[in-house]
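Working notes, structure below.
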Amino acid sequence: MFRGVMESAKEFKKVVDTVSTLLDEICFEVDEEGIKASAMDPSHVALVSLEIPRLAFEEYEADSHEIGIDLEAFKKVMNRAKSKDKLILELDEEKNKLNIIFENTGKRKFSLALLDLSASSVKVPDIEYPNVIMIKGDAFKEALKDADLFSDYVILKADEDKFVVHAKGDLNDFNAEFEKDSSAIISLEVKEETKSAFNLDYLMDMVKGVSSGDIIKIYLGNDMPVKLEYSLAGVNLTFLLAPRIE
Amino acid sequence: KGKQLTLDAFFK
């Protein structure tokens, strides 16, 4: 069986919104500890991994299941969530459906057909990074939107003193500098000066659900995928994006 | 212009 109750459907909507920009379908691996899923996007440029510990739920009861879901349908349903709605996710093993229930003054139940997906064997590789930057999520997100004015890729740079988001168009360019002591930076640990280029569309998709108050952990190295980590609604999200080589 | 790598290279 699987049944989980979350306090805010609206908050969880942000998670589904973000994940569904990168993936078409997902296989949730459910067990008594919580829910996990990870997958690469179809082009293998990006990886999404999420972990929902049982503590993120008000009520949680589960044994082991793999629940394959079409994310477009899941997103559409979650878009119907209202601000006071509780979210109940429950597996109907007989009908082979995932019930998504919004509970408020009444109950609205959407039943999604399960997809026959097997859990991805793809896991976030255990890469050691020389540099770790913790930055306020909205500051990083805004810098990416600024960069998007002039280019379709962005250069992320880090040295001992600052983290830089740079974009270079044919004619125009953009630079956002976050000095170590600026209010946007929570911490800046740099062992190796780094400069790497990444696709902006992917990066902006990865931070889609971020709002003010959220903090993003950025792992950066030379010629390495960038790794982003943050939490939304108690859900731990990890993203990996392969670099662009000049 | 640059070349977009895939993650496959990093999963070996």
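FYI, it's all coordinate maths here, none of it is from the lab. Note that the structure is predicted; figures quoted are calculated from it, not measured. Cβ coordinates were reconstructed from backbone atoms using ideal geometry, including for glycine residues, and neighbour counts include every protein chain displayed.
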Report the calculated FRET efficiency for A:Ser43 and A:Val124 (r = Cβ-Cβ distance, R0 = 22 Å), to the nearest 0.05.
0.80
Rank-order A:15-23, A:40-48 by packing density, defined as the average count of other C-beta atoms within 10 Å over each peptide's residues, highest first.
A:15-23, A:40-48
A correct Karplus calculation of ³J(HN,Hα) over the stretch A:219-224, with 6.51 cos²θ - 1.76 cosθ + 1.60, θ = phi - 60°, whole Hz and x for Gly and Pro, returns 9, 9, x, 7, 6, 10
Distance from the stretch A:110-152 to the stretch A:177-195 (C-alpha centre basis), Å:
20
In whole Hz, the Karplus estimates of ³J(HN,Hα) for the stretch A:129-135 (6.51, -1.76, 1.60; θ = phi - 60°; x where Gly or Pro) are 10, x, 10, 10, 10, 10, 9
Using packing as a proxy for protection, rank A:106-115, A:51-60 so that the peptide with the highest average count of other Cβ atoms within 10 Å comes first.
A:51-60, A:106-115
FRET efficiency (A:Phe110, B:Phe10; Cβ distance; R0 35 Å; to 0.05) is 0.40
Karplus-derived HN-Hα couplings along the stretch A:36-44 (A = 6.51, B = -1.76, C = 1.60, θ = phi - 60°), whole Hz, x at Gly and Pro
9, 7, 8, 7, 8, 6, x, 8, 6
Counting alpha carbon pairs within less than 8 Å and at least 6 residues apart, what relative contact order, in whole percent, applies to the stretch A:18-120?
27
Under 5 Å between amide H atoms, partner at least 5 residues away or on a different chain: which partners does A:Val210 have, H built in plane at 1.01 Å?
none
